[in-house]
Amino acid sequence: HYGGFFGWPNFTARPTGGFMGMPATDKVGEFRVIDIYRRQGDKLAENWIFIDLLHFWKMQGVDILKRMTEIG
């Protein structure tokens with residue numbers, strides 16, 4: 001009833017127009033993604049998608065966890 005897919009990286013992107021409120025960096029970044037599926041009968045009932053955004057932002061030169069310790 002369950003299946004999944006993951007990979008490092010699943011896809012790469014270059015934010016040229018900004019992303020998530022951050023300015024464009026024009027740097028290639030990897031997205032690490034995990035997809036978990038649940039099937040019910042012959043239909044897909046649920047799909048959970050986890051994206052490692054901390055890794056992506058670190059590749060863009062933004063250390064989110066470090067910023068959080070500096071703010072708090």
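The values are calculated or read from the model by the stated rules, or taken from the named source; none is laboratory data. Since this is a predicted model, take the numbers as computed values, not measurements. Neighbour counts run over all protein chains shown; Cβ positions are idealised from the backbone, glycine included.
The criterion of at least 2 residues that are surrounded by 12 or more Cβ atoms within 10 Å (Cβ to Cβ) and not hydrophobic (A, V, I, L, M, F, W, C) is met, among strands (runs of 3 or more DSSP E) falling completely within the chain, by 2-13, 29-40. The set of residues from segment 17-69 being of a type in the set (A, V, I, L, M) and at positive phi comprises just one member, Met20. Got a number for residues in segment 36-72 being over 19 Å from the mean Cα position of the chain (by Cα), closer than 16 Å to Gly4 by Cα and not charged (D, E, K, R)? Qualifying residue count for the region: 3. Looking across segment 13-42, just one residue is touching a Gly at 6+ places or on another chain (Cβ under 9 Å) and polar (S, T, N, Q), and that is Thr25.
Taking the conditions (1) closer than 24 Å to His1 by Cβ; (2) at pLDDT below 90 in turn, Val33 satisfies each one other than (2).
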